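A short worksheet on the structure shown next.
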Amino acid sequence: MRRFALCLLSAALVVGCATDDQKRNAINDVNSEFRVQYERILAELGTRVYRTNLDDAFPALRSALGRVGMRVGDQSPRMGYLSVVGPAPAPLTDAEWRSAAERDLPKLREIATQHVGVLGRFVSFEPEGLEVIINATALEVRNGVEISLTARMREIAPPKSGMPRREYLPPSAVRMGLEKIWNEFERELRSARTL
Amino acid sequence: MSDNAFPDALPPQYGLHWYVLERVLGQGGFGITYLARDTNLDQPVAIKEYLPVEVATRRPDATVTSRTDEHDERYRWGLERFIREARTLARFDHPNIVRVHSVFELNNTAYMVMRFEEGETLAALLERRHALGEADLMRVLLPILDGLELVHNAGFIHRDIKPDNIHIRSDGTPVLLDFGSARHSLGHSRTVTILVAPGYAPFEQYYSSGENQGPWTDIYSLGATCYRAIAGRAPLDAIARSKGILGSTQEILVPATAVGSARYSDRLLKALDHALSFAEKDRPQSIAEWRKELAGGKPAPAPAKPAPVIPVSTVSSSRIAPMVWGGVGAAIVIGALAALPWLVPGKPQPVVQAEPAPAPSEAEVLRRMMADEQQKFAEERKRMEEAARELQSERRRLEEERAKPAPSAKPRSEPPPRIARATPIPEPAAPKAAEVTPLPLPAPTPQSAPPPAARAPGPAELLASAERAQARGDYGEAATTFKALAENGSPRAMVRLGDLYLVGQGVERSDELALRMFRGAYEKGDSEAQQRLGDMYAKGRGVPQNNFHAYAWYSAAVLSGNAAAKGEQERIGATLQTVEVEQARKLGERYARAAKER
């Protein structure tokens with residue numbers, strides 16, 4: 001316990017040593033890296049076409065997102081637009097978040113260390129004070145309905161660490177979250193016997 | 001016509017004398033630019049067709065015509081300006097100014113034939129590269145300054161400099177395009193948003209008269225273009241800046257010296273901040289002065305403000321009134337600020353002094369500009385009040401006539417003859433809410449003689465009258481008329497009423513009601529409503545803030561022919577990722593298609 005307190009104190013001292021510019025540069029680089037991966041994952045997993053119609057797809061999409069802990073912020077069923085919001089780490093559970101964070105943490109710390117030195121080793125993902133916003137569209141195409149999902153984070157409370165906020169979810173969390181939503185969506189469609 | 005993205009465009013292979021159109025290069029609020037082939041010289045050319053979508057439309061026989069009779073004068077005047085400025089531009093032979101070969105009239109409009117330049121716009125370049133380094137930026141800026149100086153020296157200002165209007169040739173040299181031929185011609189349009197590029201236009205451009213505009217106006221826009229190139233986004237819009245300066249919002253322009261710190265030289269950043277000074281008198285007054293700052297020399301002492309480069313004497317008196325009425329748009333600015341005590345009706349504003357106090361604050365400069373505009377509106381208001389009195393007496397006379405029994409009533413079985421009306425007048429709707437007062441619109445009467453009621457104001461006239469009331473600050477009157485027209489299903493009135501709800505003028509302030517109005521207008525296919533919905537999502541008013549959805553609405557507005565939404569679309573697009581932009585664009589297409597279907 002005493003050792004832990006000592007570590008915490010050291011970390012706090014190290015945090016105090018990094019300048020604002022260094023912190024900002026670190027987060028900018030993290031953002032750049034995560035942005036590239038975010039784009040790549042969205043291109044791969046963000047859009048799917050289902051052989052169904054909008055009347056079936058939209059309620060299924062709304063239910064699926066509700067099942068993963070998101071609530072409706074705005075919607076237009078006729079146009080196929082749905083925006084949902086939830087406190088991070090939703091749509092992931094705490095356990096799923098930890099699992100995703102573990103995978104991405106080395107990369108985060110590697111980038112951060114280049115700018116803030118030792119402090120970078122103490123950087124972690126902070127879901128506290130963040131909301132996840134998912135914009136979903138369901139647009140009718142020739143052979144069915146094209147469903148698309150994009151996700152962003154929004155700050156609702158300042159970070160405890162004093163580090164600037166990231167704009168993008170950790171890549172593994174994006175991947176895991178999308179797969180989870182698609183699974184729920186397909187389950188909803190199946191239960192409506194439209195898949 | 002030919003292309004879903006440009007429904008007003010002429011089709012490919014359409015012949016204009018010896019030019020054969022190949023495809024659309026782009027469309028703005030004032031016209032469509034085509035890639036065409038000069039079959040005589042067998043070379044490509046760019047042809048710009050005058051088609052101000054706000055006031056004119058394409059007919060099935062390919063001719064262009066004003067949307068209504070009341071738009072005709074504005075359309076004609078704009079057309080004349082288009083031709084005159086094409087002739088002027090043709091005199092310039094500068095490598096960084098678009099080369100105009102010819103201008104001709106056809107299809108009841110005019111066409112400007114220009115050299116076709118291979119390459120891409122600076123806007124497209126910035127979209128790809130996000131930002132430009134200092135060396136690259138100067139390679140664009142300095143040649144443009146040379147060309148622009150030539151134009152200024154000839155007594156013209158561009159008035160619409162922005163990344164979209166700077167073309168980067170394949171060899172990397174820049175060329176300035178799209179001189180604002182008709183920029184003033186639509187000065188009394190219902191809003192100013194179509195006249196200026198948000199973020200790139202200085203505050204003085206939001207006014208109808210060109211008296212305050214000069215080289216400093218273009219210098220601001222060029223500064224804003226450079227700001228976009230270093231910051232990755234356009235600077236804060238001048239209207240938003242004005243609110244920040246007056247303290248009604250927290251929005252301020254983050255200086256270039258902060259945005260570009262450590263990435264660009266202090267000299268460049270300071271010159272940009274100087275160019276982006278809010279008040280025109282605080283900016284460099286000439287290209288030469290600004291160039292000196294950019295080059296690192298000490299700025300020359302600010303000269304006395306030169307005469308406007310577009311002398312007022314060149315504008316005929318019959319044109320001045322429409323330009324004053326262009327203040328309808330400026331009134332939106334006034335509207336946005338009218339909650340301030342110094343703009344409360346009934347409290348006369350101090351007349352602007354010929355010699356302003358030394359170094360006034362930005363807020364003081366803004367107040368003076370507003371007071372100046374108010375004085376102009378007051379004169380016009382007087383004239384309109386007289387007209388309104390005449391209209392009232394005419395209405396009373398008609399009502400009396402209607403109350404009298406018909407001298408020779410036709411048999412009941414005979415259907416009443418149709419009444420020919422110049423302007424269709426909708427039936428007054430029953431008020432849905434107590435505060436809604438339907439206008440006393442004359443009901444159709446079964447009379448065979450040409451009805452004198454045809455002189456009663458139609459919806460278009462009532463709308464114009466309400467917009468004028470709004471412009472002169474009679475928000476209560478404007479709101480009452482807008483409400484009645486909105487009840488009758490006028491999408492434009494819904495948008496205007498929504499604007500009033502946003503600022504709480506003449507009606508209670510309510511984002512929710514504003515949103516309802518904009519949605520109602522959208523349901524009727526109004527492209528301006530789509531832009532307003534974009535604004536609501538961008539600012540999070542009445543809805544959760546959401547740039548993705550804002551982009552979708554702006555895209556819909558642009559696709560529906562609202563070129564004014566393009567600036568905001570770009571600004572918001574810069575905050576989104578490629579995949580998000582693509583998806584939001586698809587949603588916008590859906591919105592635009594649905595609006596068109598209605």
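Only one of the listed residues (A:149, A:92, A:65) is under 17 Å from residue A:174 (Cβ atoms), out of contact with any Phe, Trp or Tyr (no Cβ under 7 Å at 6 or more places or on another chain) and either among the β-branched types (Val, Ile, Thr) or within 13 Å of chain B (Cβ to nearest Cβ) (or both). That residue is A:149. Residues being in contact with a helix residue (DSSP H, G or I) (Cβ under 7 Å, 6 or more places away or on another chain) and either farther than 21 Å from residue A:100 by Cα or not in a helix (DSSP H, G or I) (or both) are represented in segment A:23-42 by at least one member. Within segment A:69-84, the residues that satisfy the criterion of being buried (at least 21 other Cβ atoms within 10 Å of the Cβ) and either of a type in the set (A, V, I, L, M, F, W, C) or within 18 Å of residue A:152 (Cβ to Cβ) (or both) are A:70, A:81, A:82, A:83, A:84. Of all residues in segment A:24-52, those that are in contact (Cβ under 8 Å) with a residue 60 or more places away in the chain and closer than 20 Å to residue A:145 by Cα total 9.
Only one entry of B:79, B:141, B:125 meets the criterion of being outside any strand (DSSP E or B), within 28 Å of residue B:13 (Cβ to Cβ), in contact (Cβ under 8 Å) with a residue 12 or more places away in the chain and not basic (Lys, Arg), and that entry is B:79. Would you mind stating whether residue B:557 is surrounded by fewer than 24 Cβ atoms within 10 Å (Cβ to Cβ) and under 20 Å from the mean Cα position of the chain (by Cα)? It is false that residue B:557 is surrounded by fewer than 24 Cβ atoms within 10 Å (Cβ to Cβ) and under 20 Å from the mean Cα position of the chain (by Cα). Only a single criterion out of (1) part of a helix (DSSP H, G or I); (2) modelled with pLDDT of 90 or more; (3) crowded, with 16+ Cβ neighbours inside 10 Å is not satisfied by residue A:55, namely (3).
Among residues of segment B:1-11 being assigned to a loop (DSSP other than H, G, I, E, B) and buried (at least 16 other Cβ atoms within 10 Å of the Cβ), the one that is modelled with the highest pLDDT is B:10. Residues that are crowded, with 19+ Cβ neighbours inside 10 Å, at pLDDT 90 or above and out of contact with any Phe, Trp or Tyr (no Cβ under 7 Å at 6 or more places or on another chain) within segment B:16-32 comprise just one, B:19. When B:139, B:91, B:74 are screened for being outside the structural domain of residue B:234 (by TED's automatic domain parsing), among the basic types (Lys, Arg) and surrounded by fewer than 17 Cβ atoms within 10 Å (Cβ to Cβ), only B:91 passes.
Only residues that are hydrophobic (A, V, I, L, M, F, W, C) and either closer than 17 Å to residue B:149 by Cα or at pLDDT 90 or above (or both) were counted in segment B:258-293, giving 9.
Helices (runs of 4 or more DSSP H) fully within segment B:528-598 that include at least 2 residues being modelled with pLDDT of 90 or more and within 14 Å of another protein chain (Cβ to nearest Cβ): B:547-559, B:578-597. All of B:54, B:120 fail the test of being over 23 Å from residue B:155 (Cβ atoms) and buried (at least 20 other Cβ atoms within 10 Å of the Cβ), apart from B:54.
Based on this model, can you work out whether residue A:134 counts as within 14 Å of another protein chain (Cβ to nearest Cβ) and more than 19 Å from residue A:189 (Cα to Cα)? It is true that residue A:134 is within 14 Å of another protein chain (Cβ to nearest Cβ) and more than 19 Å from residue A:189 (Cα to Cα).
Taking segment A:42-61 as the range and being in contact with a Leu (Cβ under 7 Å, 6 or more places away or on another chain) and within 11 Å of chain B (Cβ to nearest Cβ) as the test, the residues that pass are A:45, A:46. When B:201, B:224, B:182 are checked against the criterion of being surrounded by 22 or more Cβ atoms within 10 Å (Cβ to Cβ), part of a loop (DSSP other than H, G, I, E, B) and modelled with pLDDT of 75 or more, a single residue qualifies: B:201.
For segment B:487-529, the set of residues classified as closer than 20 Å to residue B:543 by Cα, among the small types (Gly, Ala, Ser) and in contact with a Gly (Cβ under 8 Å, 6 or more places away or on another chain) consists of B:510, B:514, B:521, B:527, B:529, listed by residue number.
Return yes when residue B:255 is surrounded by fewer than 22 Cβ atoms within 10 Å (Cβ to Cβ), assigned by TED's automatic domain parsing to the domain that holds residue B:201, within 26 Å of residue B:570 (Cβ to Cβ) and modelled with pLDDT of 85 or more and no when it is not. So residue B:255 passes the test.
For segment A:119-148, residues that are free of Cβ contacts under 8 Å to residues at least 60 places away in the same chain, closer than 15 Å to residue B:583 by Cβ and among the hydroxyl-bearing types (Ser, Thr, Tyr) total 1.
The values are calculated or read from the model by the stated rules, or taken from the named source; none is laboratory data. Source: prediction; values computed, not measured. Positions of Cβ are backbone-derived with ideal geometry, glycine not excepted, and every protein chain shown enters the neighbour counts.
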